[in-house]
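Read-outs: derived from the displayed coordinates by stated rules, not from any lab. These numbers come from a predicted model, not from an experiment. Note: ideal-geometry Cβ built from the backbone for every residue, glycine included; neighbour counts use all protein chains shown.
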Amino acid sequence: MTSPAAATPETGPDVEPVDTAERRSRVVLAEVLDTPLDLAAHEAAVTDRRAGAVVSFQGVVRDHDHGRGVTLLEYEGHPSAPAVLREVAEEIAADPAVYAIAVSHRIGPLEIGDVALVASVSTAHRAAAFAACARLVDEVKARLPIWKRQLFTDGAEEWVNCP
C-alpha cells in the first residue's frame, strides 16, 4: 500500500503500487551520458495515448553558486550511477498514476547553459505529473552517485556532493 505522502490525486492512499515488471516497463529511458541531453527526445519517449499531462525538468548549469561566479562544472559518476538512476526511476514508476518516465544525467565537463539533468513524466492529469517529476528530481539529486567539481571565476575549485 502506498503511504499517504506518496498518494496522488488519481490514486488515493488505498491503491496498491504496480508490480516490479510493470514498473520496469514504465521507465522508458534512464541513462548517464557524456553527450548533450535532449529534452524533446525525453518528452517524446514518455508519450502515451492515455496521458493528459507531460511534465519535464531541465537542470541547467548556472553562472553562480552561493554568490561566487562559476565558469565550468565537471560531473564525475560512480560506475553504479546508471543502475541507481534506473532504480530511482522504477521507484517513482511504482505510482499507478505514472504512465512513463524518461530521465538522464550528464557527466563530463559542462559549460554555463548546458543541461545536466533531464526528467520527463507522463500521467493522466497535471497534478500527478508535477508531483511525480518533482519526486524523481529530488530522489535523483539525493541518491545518484555523481559528483560535481565547480570551477570559479577567481580560479578556485570545489567538489560538491562528495561523501
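A few remarks follow.
- Rel. contact order, % - alpha carbon contacts under 8 angstrom, at least six apart, the chain: 31 percent
- Here's the picture: charge each Lys and Arg Cβ at +1 and each Asp and Glu Cβ at -1 in the chain, and of Val61, Gly155, Ala94 the one pushed furthest to the positive end of that dipole is Ala94.
- Extreme residue, positive dipole direction of the chain, given options Phe130, Leu37, Leu144 (C-beta unit charges): Phe130
- Once C-alpha pairs closer than 8 Å and six or more residues apart are averaged by separation and normalised to the residue number of region 91-163, the relative contact order reads 23 percent.
- Taking other Cβ atoms within 10 Å as a rough exposure proxy, Ile146, Ile112, Ile107, Ile101 sort from fewest to most as Ile112, Ile107, Ile146, Ile101.
- Theoretical ellipticity at 222 nm over the chain - DSSP helices of four or more residues, -39500 (n - 2.57) apiece, nearest 500: -8500 deg cm²/dmol
- Note on the chain: GNM, Cα springs under 10 Å; of Val118, Val103, Val70, the largest mean-square fluctuation is that of Val70.
- Estimated dipole of the chain in Debye, rounded to 20 [Cβ of Lys and Arg +1, of Asp and Glu -1, Cα centre]: 260 debye
- Euclidean distance of C-alpha centroids, region 55-76 and region 106-163, integer Å: 9 Å
- Acute angle (nearest 10 degrees) that the helix 126-143 long axis makes with the longest principal axis of the chain, alpha-carbon atoms: 50 degrees
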